[in-house]
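Quick notes on the structure that follows.
Derivation of every value follows stated rules applied to the coordinates shown; laboratory data play no part. Since the structure is predicted, the reported quantities are computational estimates derived from the model, not experimental observations. Backbone-built Cβ (ideal geometry, glycine too); neighbour counts: all protein chains shown.
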Amino acid sequence: MREISINTYSYIWSQSAADCIRRLSDFGYRHFELMIHPPHLPLDDFPPAARRELRAAVEAAGARISSINMPSLDQNLASPFKRARAFSVAMFIDAIDLAADLGVPWFVTVPGRMSPLFPPAPADRKAWMTESIEAVLPHAEARGVGLAVENIPFAAFPDAASLGDFVRGFRSSSLGVCYDAANAHFIGESPAEGVARLSDLLRVAHLSDTTRTVWRHDRIGLGDVPVAEFARALDDVGFDGPCTLEIIDSDPDAAILASHRAIAGLGFQPVRQAG
């Protein structure tokens, strides 16, 4: 039976990471993907004592932070501007240190941002991302943190083929893939086929719902992502990690529980009500 991890994106403005974990632990969840985002989980002004306090809160809840994530709003590892890439690398170094301090094994890595109006050539975006990953990967390896590069519709490697080609080029066990079913579905890719193509690299799995018309990370049932096929594909390739629900909703508790109920019959852990 596959465990579920909860991404905390919906709580970045409303709760601290520690309070969020305590709250969601009441529903029986023990695996989490924390979003680096102030005030939820700051990167700046978050000293060692505060990091130890958060790690203690996670341990007290009997929980584990399976992965850590950072929205690609203020950094871009694939920017055409060298100074922007340098800034982004420095930000990633700090985030890797935070992950290491919290005992987090995987840092979900967004491979830059491309303008959907007039994106750069694939060779250019690959060159810029290669430069950035070569700058951060040694530090990640030294700190014991893996980088899971994600398929993002408007990023450098939106599909499984280009993402796999990029990651395999490094031949590092500290570099893997975060494969997002909604992101794949939105661009017209079969999530199940993507999982099969990336089976040797898959380290983090994201699940939410969307249509192919508007890019969303909705509760399961509001879109048309082939969730059952995705779940079977994870089983078929022997993926043994939790599946991360990355639901973005104004009522996150209800959305997470509704999504969990929608997939509970697909081999996932059963839903447990709070209390």
Over the chain, relative contact order from alpha-carbon pairs under 8 Å, at least 6 apart, %: 20
With labels modelled as points extended 7 Å from the Cα through the Cβ direction, what inter-label distance (nm, one decimal) is found for residue 131 paired with residue 261? 5.1
Two-decimal log10 I(q)/I(0) for the chain, as the Debye equation yields it once each C-alpha is a single scatterer, q = 0.09, 0.11, 0.13 Å⁻¹: -0.38, -0.58, -0.83
Note on the chain: helices (DSSP H) long enough, at least 27 Å by alpha carbon along their axis, and hydrophobic enough, mean Kyte-Doolittle at least -0.5, are 82-102
Counting Lys +1, Arg +1, Asp -1, Glu -1, what net charge surrounds residue 128 among other residues with beta carbon under 12 Å of its beta carbon? +2
Note down the net charge around residue 240, summing +1 for each Lys or Arg and -1 for each Asp or Glu among other residues with Cβ under 12 Å from its Cβ. 0
Taking 60-69, 199-208 and ranking on average Cβ neighbours within 10 Å, highest first, one gets 199-208, 60-69
So what's the net charge close to residue 255: Lys and Arg +1, Asp and Glu -1, counting the other residues with Cβ under 12 Å from its Cβ? -3
What percent do you get for the relative contact order of segment 159-204 when only Cα pairs under 8 Å and 6+ apart count? 47
Quickly estimate the mean residue ellipticity at 222 nm for the chain, helices only: each DSSP H run with n ≥ 4 gives -39500 (n - 2.57), and the total goes over all residues, rounded to 500. -12500 deg cm²/dmol
Whole-Å distance, taken between Cα centres, linking segment 20-42 and segment 108-161: 26
Peptides 215-224, 122-131 ordered by average Cβ neighbours within 10 Å, highest first: 215-224, 122-131
Take each of the peptides 169-181, 230-242, average the number of other beta-carbon atoms within 10 Å over its residues, and list them starting from the highest. 169-181, 230-242
